[in-house]
1. Inspect all residues belonging to region B:22-31 and state whether any of them is touching a residue at least 40 places away in the same chain (Cβ under 8 Å) and farther than 25 Å from residue B:130 by Cβ.
2. I'm trying to understand the selection: among the residues of region B:142-156, which are more than 10 Å from chain A (Cβ to nearest Cβ) and buried (at least 18 other Cβ atoms within 10 Å of the Cβ)?
3. Can you name every residue in region A:161-176 that is facing another protein chain (nearest Cβ under 7 Å) and within 21 Å of residue B:179 (Cα to Cα)?
4. When you go through A:5, A:13, A:30 one by one, which is the residue that is open to solvent by 30 Å² or more (accessible area, probe 1.4 Å) and within 29 Å of residue B:28 (Cβ to Cβ)?
5. Residues that are open to solvent by 50 Å² or more (accessible area, probe 1.4 Å) and touching a Phe, Trp or Tyr at 6+ places or on another chain (Cβ under 7 Å): does region A:162-182 have at least one?
6. Could you go through region A:58-76 and let me know if any residue there is in contact with a Cys (Cβ under 7 Å, 6 or more places away or on another chain) and open to solvent by 20 Å² or more (accessible area, probe 1.4 Å).
7. Go through the residues of region B:122-129 one by one and say whether even a single one is open to solvent by 40 Å² or more (accessible area, probe 1.4 Å) and touching a residue at least 12 places away in the same chain (Cβ under 8 Å).
8. Looking at region A:1-59, what helices (runs of 4 or more DSSP H) fall wholly within it and have at least 3 residues that are more than 12 Å from DNA strand C (Cβ to nearest atom) and within 14 Å of chain B (Cβ to nearest Cβ)?
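The values are calculated or read from the model by the stated rules, or taken from the named source; none is laboratory data. In this text the structure is predicted, and so the values were computed from the model without any measurement. All Cβ positions, glycine included, derive from the backbone under ideal geometry; neighbour counts span all protein chains shown. Keep in mind that these areas ignore ligands, DNA and RNA; they rest on the heavy atoms of the full protein, side chains included. Shrake-Rupley method; radii C 1.70, N 1.55, O 1.52, S 1.80 Å.
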There are 2 protein chains.
Amino acid sequence: MARVQFDREQVIQDCTQLFWQKGFSGASMQNVVQATGLKPGSLYLAFGSKEGLYQAALEHYAGQSQAALCQILEAAPSVGAGICQHLRRMIEASEKAGYCSCFLVKSQLELAATGGDLHRRVCAYLTEIEDLYAQYLERDYPQDQARQYATSVMMHVFGIRVYGYLERDRDTLLAAVKGGLPWLPWDSCDQAAGS
Amino acid sequence: MARVQFDREQVIQDCTQLFWQKGFSGASMQNVVQATGLKPGSLYLAFGSKEGLYQAALEHYAGQSQAALCQILEAAPSVGAGICQHLRRMIEASEKAGYCSCFLVKSQLELAATGGDLHRRVCAYLTEIEDLYAQYLERDYPQDQARQYATSVMMHVFGIRVYGYLERDRDTLLAAVKGGLPWLPWDSCDQAAGS
DNA sequence: GGTTAATTTGAACATTCATTCAAGCAGAAG
DNA sequence: CTTCTGCTTGAATGAATGTTCAAATTAACC
C-alpha cells in the first residue's frame with residue numbers, strides 16, 4: 001500500500017459544500033483542489049471526473065437529507081407534527097446568513113437542460129423523498145390522500161427553497177405554508193417546537 | 001453612421017433563450033456568438049460584458065413576464081380567475097418538451113451565492129411580481145389578506161417551476177395547487193379555460 | 001466624390017478550464 | 001534490507017474561457 005489514503009468521507013463532504021454553494025459549472029476543479037487539499041491526480045484516480053465527484057456529492061447529500069427526514073418523522077408525536085417541525089426548520093434555515101437553498105433543487109434547475117446522467121439521478125433522489133413523505137403519510141391517511149398530500153408538501157418545500165432567498169421575515173413564509181397545508185397539525189407543532 | 005445596426009431586440013431575445021436554458025456559467029460567450037450571429041466585438045461594444053448581456057436578458061424576460069401577467073389578470077372575469085388561469089398555463093407549460101422552468105427562478109438559485117449585482121436585480125424583479133399579485137388581489141381582499149395570498153401564490157409558482165421537471169401528469173400538479181390555494185375560484189377557471 | 005464617424009469584424013490575448021501522467025513515495029511482503 | 005505495490009504528487013497538456021483592438025466596412029454629410 002501507499003502512504004495513507006485520504007479520508008474519502010471528508011473529501012465528499014467538502015465537495016458537497018462547494019458544489020452546493022457554487023453549482024456544477026460555477027465550481028472549478030481548482031476550487032475542489034483548494035477545498036479538499038488534495039491534488040488533481042488523487043481526485044481523478046478516486047472519482048474519475050468532475051462529474052463523478054459531483055455524483056458522490058449528490059449521493060451524500062441525498063442520503064443525509066433522507067436520514068434527517070426519517071429521523072424527525074419517527075421522533076415526532078405524529079407524522080403531521082413531524083412535517084410541521086421539518087418545514088419550520090426549513091424556514092428558519094432560510095434566514096441564516098449564507099443560506100444555500102437545497103442542493104438537489106439547485107442541481108435540478110442547473111442540470112435539467114443537459115439531460116445527462118446527473119440530472120436523472122437528481123430526479124430520482126427527489127422522487128425518493130416524495131415517496132418517503134407519501135409512505136409516512138399513509139400511516140394516517142388513505143393511499144390516494146397520502147400521495148396527494150406528499151405532492152403538496154414537496155411543492156411547498158420547493159417554494160420555501162426558492163422563496164427563502166427573498167429574505168422575508170419568517171412569519172410571512174410560515175403563514176403562507178400554513179395556509180397552503182391547512183390539514184397539518186400546526187398547533188401541535190407550535191407547542192412541541194416552541195416559536 | 002455605419003452599415004446597419006443589428007436588431008438589438010432580436011439579439012436580447014436570443015440571449016434570453018440561451019441564458020434561460022444554460023444558465024450564466026453554463027452558457028459561454030462562444031455560445032452567445034453562435035446564437036446571435038454577431039461577433040464578439042459587436043457584443044462587447046453594445047453590452048460591455050457577459051454580465052451586461054445577462055442583465056439585458058433578465059430585464060427583457062422580467063418585463064415580458066409582468067406584461068403577460070397583467071394582461072391575463074386584466075382580461076379575466078376576476079383577479080382570482082385570472083390567477084387560476086395563469087397557474088393552469090404554467091402547469092401545462094411544464095409538460096412540454098424542452099421545459100426550462102422560469103428564468104428568474106433559475107437565476108435566483110444560480111446567482112445567489114455570488115451576492116453580486118445580478119442577484120440583487122433578480123430579487124427585485126421577483127419582488128415586483130409579488131407586488132403585482134398583491135396589488136391585483138387588493139381589489140377583492142383587504143390589504144393584509146391580499147399580501148398573504150400573494151406570498152402563497154408566489155410560493156406555489158416557485159413550487160411549480162421546480163416540480164415541473166419531475167414530469168408528473170398535470171392532474172397531480174393541479175390538484176396540489178388547488179389544495180394549496182383553496183381560496184381561488186377554481187371552478188370558474190375550469191369553465192373559462194376548459195380542461 | 002471625398003471625408004468623417006459609427007459599427008462590424010475576427011484574429012489574438014492572457015487566463016482558466018478539466019484532465020493526464022511520469023516520477024516520487026510509503027507501507028506490505030519476502 | 002530489498003522488492004513490490006499502489007496511492008500521491010504537481011507540473012504540464014491542449015482546449016475553452018471572457019475580453020480586446022486595430023483594421024475593415026459602410027452610411028451620412030459637405
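1. yes
2. Answer for region B:142-156, where residues must be more than 10 Å from chain A (Cβ to nearest Cβ) and buried (at least 18 other Cβ atoms within 10 Å of the Cβ): just B:146.
3. A:162, A:163, A:172, A:175, A:176, listed by residue number.
4. Answer to the check: A:30.
5. yes
6. Within region A:58-76, none of the residues are in contact with a Cys (Cβ under 7 Å, 6 or more places away or on another chain) and open to solvent by 20 Å² or more (accessible area, probe 1.4 Å).
7. Within region B:122-129, one or more residues are open to solvent by 40 Å² or more (accessible area, probe 1.4 Å) and touching a residue at least 12 places away in the same chain (Cβ under 8 Å).
8. A:8-22
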